[in-house]
Amino acid sequence: MQSSITVRVPAKVNVQLAVGGRRADGFHGVASVFFAVGLYDEVTVTPADRLRITVSGTDAASVPADASNLAAKAAVLLGARHGIEPNVHLHIDKGIPVAGAAALLGCDALWGTGTDRAVLLDLAAELGSDVPFSLLGGVALGEGRGERLTPVPTAGTFHWVFAVAEGGLSTPAVYGECDRLRDLTTGSSDTDVPVPATDPALLEALRTGDAGGLGAALRNDLQSAALSLRPSLADTLRAGADAGAIGALVSGSGPTCAFVAKDAASAAALAATLTASGTCRTARTAEGPVPGAVVV
């Protein structure tokens, strides 16, 4: 067994998130186009006498260092699959919340279990509906609850700016607010809301490398709910648009706002303007698409 394994896993932005109505099981069907960008978490897996979690980096204080941590759940899940006690130290260098995928890949490499990629994806789906994409990377359409993935063809490099807000937003709370807002008009059940589907214009922009087309086609059905719960995000979106972004949206359930820029220089200028605007804690540039989780 190796002494330690470090896995790097990228952040993602939902360039389209179409949300269906609430099903009888309480979940919502989605059609989500995930896009992996060059902002990363690193997880280092080392043998230990028991399962331990330590965290450093951005927002480390807000990350649980116990069995509720997604990385810990990943180690336990993979260990159970192979009959291995998950006695490992998982150190998370925190940039973005995708450590579950990194822990799966890292423990698999440390233990030499050679788990089939399809099995890893199934285990990732047990951890959360968006965890499988962190293993895949690139750009992919997620259907079902987001865990059924189909790669999406892309051309060229797209330039992004991410405006990071203070604090977080609860994903269940955002979905609940989406349902509440829908109940004020059309209704929120899966018989009231159209079946979620991808936008051909967005897929064409990705295929041809058209940044302007991508910016114009960005869509998030949860954005209204996120803005309802955190009205200040509207100021961030407005500041980015005023500073020259060619597309903007709240990413997923928020509270991060994502902006498309026409090139690297424009992205750097946009990030500086957003940081100085006082509408977000900080703004970071990134390019993509990039590969999924890898051992480094």
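Can you list residues whose amide H is under 5 Å from K94's amide H, if they're 5+ apart or on another chain and H is modeled 1.01 Å from N?
Distant-sequence amide H within range of K94: S56, G57, T58.
Could you check the simple spin-label distance between T171 and V296, using points 7 Å along Cα→Cβ, in nm with one decimal?
Here the answer is 2.4 nm between the modelled labels.
Give me the extension gain from S189 to E204: residue separation times 0.36 nm, minus the current Cα-Cα distance, reported in nm with one decimal.
2.4 nm
Just to check I understand the Karplus step: with θ = phi - 60° and J = 6.51 cos²θ - 1.76 cosθ + 1.60, what whole-Hz values come out for the stretch 178-190, glycine and proline as x?
4, 4, 4, 5, 5, 5, 6, 10, 8, x, 10, 7, 5
Can you bin every Cα-Cα distance in the stretch 95-151 into 5 Å intervals starting at zero and give me the percent of pairs per bin, rounded to whole numbers?
Here the calculated profile for the stretch 95-151 is 4, 20, 31, 25, 13, 6, 1.
With point charges of +1 on the Cβ of Lys and Arg and -1 on the Cβ of Asp and Glu, referenced to the Cα centre of the chain, which listed residue (P151, L78, G38) lies farthest in the positive direction of the dipole?
Value computed over the given set: G38.
Taking the alpha-carbon distance from K73 and a cut-off under 20 Å, which lysines remain once sequence neighbours fewer than 8 residues away in the same chain are dropped?
Straight-distance partners of K73: K94.
Name the most mobile residue of D192, D25, D116, meaning the one with the largest mean-square fluctuation, in a Gaussian network model of the chain with Cα contacts below 10 Å.
The residue with the greatest mean-square fluctuation here is D25.
Expected output is a single nm value to one decimal: the length gained when fully extending between S68 and E85, i.e. 0.36 nm times separation in residues minus the C-alpha distance. What is it?
4.4 nm
Compute, for C178, the solvent-accessible surface of its heavy atoms (probe 1.4 Å) with the complete set of protein chains present, and express it in square angstrom to the nearest 10.
10 Å²
In the stretch 186-294, with Lys and Arg counted as +1 and Asp and Glu as -1 at Cβ, which of these residues, A276, A239, N220, has the Cα nearest the positive end of the dipole, that is, farthest along it?
Working it through, the farthest residue towards the positive pole turns out to be A276.
Please report the relative contact order for the chain, taking Cα pairs under 8 Å with a sequence separation of at least 6, and give it as a percent rounded to a whole number.
Computed value for the chain: 26 percent relative contact order.
Quick check: the angle from helix 233-242's long axis to the longest principal axis of the chain, C-alpha only, nearest 10 degrees?
On a 0 to 90 degree scale, this one is about 70.
Can you tell me the dipole magnitude for the stretch 180-283 around its Cα centre, using point charges on the Cβ only (Lys, Arg +1; Asp, Glu -1), in Debye to the nearest 20?
Computed about the Cα centre, the dipole is about 300 debye.
Could you report the accessible area of E85 in Å², rounded to 10, computed with a 1.4 Å probe on the protein chains as they sit in the structure?
About 130 Å², ignoring ligands and nucleic acids.
Whose amide H sits under 5 Å from the amide H of H159, counting only residues 5 or more places off or on another chain, with H placed in the peptide plane?
Those qualifying (amide H under 5 Å, at least 5 residues apart or on another chain) are A261.
Kindly state, to the nearest 0.05, the FRET efficiency for D235 paired with E287, given R0 = 30 Å and r defined as their beta-carbon distance.
E(calc), rounded to 0.05, equals 0.70.
With θ taken as phi - 60° and the coefficients 6.51, -1.76 and 1.60, list the Karplus ³J(HN,Hα) couplings across the stretch 119-131 in order, rounded to whole Hz; mark glycine and proline as x.
5, 4, 5, 5, 5, 4, 5, 5, 6, x, 5, 9, 5
If you compute Cα extents along the principal axes in Å for the structure shown, which of [x] 53, 46, 36; [y] 86, 61, 38; [z] 80, 53, 41 do you land on?
Here Cα extents along the principal axes in Å agrees with entry [x].
I'd like to check one number: the per residue accessible area of the chain, probe 1.4 Å, reported in Å² as a whole number.
42 Å²
Using Cα pairs closer than 8 Å and at least 6 residues apart in sequence, work out the relative contact order for the stretch 216-276, in percent.
32 percent
Skipping prolines and chain starts, which residues have an amide H placed within reach, meaning under 5 Å, of the one on L39, given they are 5 or more residues away or on another chain?
A11
Calculate the length of the line joining the C-alpha centroid of the stretch 166-198 to that of the stretch 65-134, in whole Å.
Here the two parts' Cα centres lie 30 Å apart.
Rounded to the nearest 0.05, what FRET efficiency do A269 and A216 have when you use their Cβ-Cβ distance and R0 = 35 Å?
Here the calculated transfer efficiency is 0.95.
Treating only the Cβ atoms of Lys and Arg (+1) and Asp and Glu (-1) as charged, compute the dipole magnitude of the stretch 57-158 about its Cα centre; round to the nearest 20 debye.
That gives a dipole near 100 debye.
Place a +1 charge on the Cβ of each Lys and Arg in the chain and a -1 charge on the Cβ of each Asp and Glu, then give the dipole magnitude about the Cα centre in debye, rounded to the nearest 20.
It comes to approximately 220 debye.
The values are calculated or read from the model by the stated rules, or taken from the named source; none is laboratory data. Quick caveat: nothing in here was measured; it's all calculated off a predicted structure. Here the Cβ is made from the backbone with ideal geometry for all residues, glycine too, and neighbour counts use every protein chain on show. Please note that ligands, DNA and RNA were not included when accessible areas were found on the heavy atoms of the full protein model with its side chains. Shrake-Rupley method; radii C 1.70, N 1.55, O 1.52, S 1.80 Å.
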